[in-house]
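Quick note: the coordinates plus some simple rules give every number you see, no bench work behind them. On a predicted model such as this, the values are computed, not experimentally measured, just so you know. In this analysis, Cβ positions are derived from the backbone assuming ideal geometry, glycine residues included, and neighbour counts consider all displayed protein chains.
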Amino acid sequence: MLRTRSVAIATAVAAAAGFALLPAAPAQAAGSVHLYKIYYDSPGTDRGANSSLNAEYVVVRNTTGAAVSLRGWTLTDASHHTYVFGAFTLGKGKTVTIRTGKGTNTAGYLHQGRSWYVWNNDKDTATLKRANGTRVDTCSYNSTRVDYTMC
Ligand SMILES: [Ca+2]
């Protein structure tokens, strides 16, 4: 319904502008940058080793048709522990994994640089916000039966 109306408007605009309407491009989902997965209970006992901290992570996915700068965006848990993205661009169709511990940031992996876990092993809520504070997505879980959730 909405699409039909949009095409009608586009046709009217094209006609008003006096040029031939080109064949419509295939419909394309707008997509979004969103929380994709949270691996909240890293394998083994929580002793705080950096490898264990980095086995706890959140995956953010970009399904838009363009790269998106995440500079200044924030990832926050229910207790308001906040990770602020530095200069980072998430390519279209790409994912980035934000690990809890320390490490070298790459195109695919970022690190919160923490010395202890941030995602509770039973229940928590992740919130992703733009640099201006606009909430982009949230993802909640409440289970100790599984170690991760798909958002
Ligand atoms: Ca955890």
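If a paramagnetic tag sat 7 Å from the Cα of Asn132 along the Cα-Cβ line, which residues of the stretch 51-71 would have the backbone N under 17 Å from that point?
Counting only backbone N, you get 68-71.
Taking the mean number of other Cβ atoms within 10 Å as a proxy for protection, how do you rank 112-125, 47-60 from highest to lowest?
47-60, 112-125
Testing the spin-label approximation: label points 7 Å from Cα along Cα→Cβ at Thr89 and Arg71. State their distance in nm.
Using points 7 Å along Cα→Cβ, the separation is 1.0 nm.
With the contact rule set at Cα under 8 Å and sequence spacing of 6 or more, what percent relative contact order holds for the stretch 30-150?
Relative contact order comes out at 28 percent.
Near the amide H of Thr89, under 5 Å away, which other amide H atoms are found, from residues 5 or more places off or on another chain, if H is placed in the peptide plane?
Leu70
Net charge near Ala67: determine it from the other residues with C-beta under 9 Å of the C-beta of Ala67, scoring Lys and Arg +1 and Asp and Glu -1.
Charge balance near Ala67 sits at +2.
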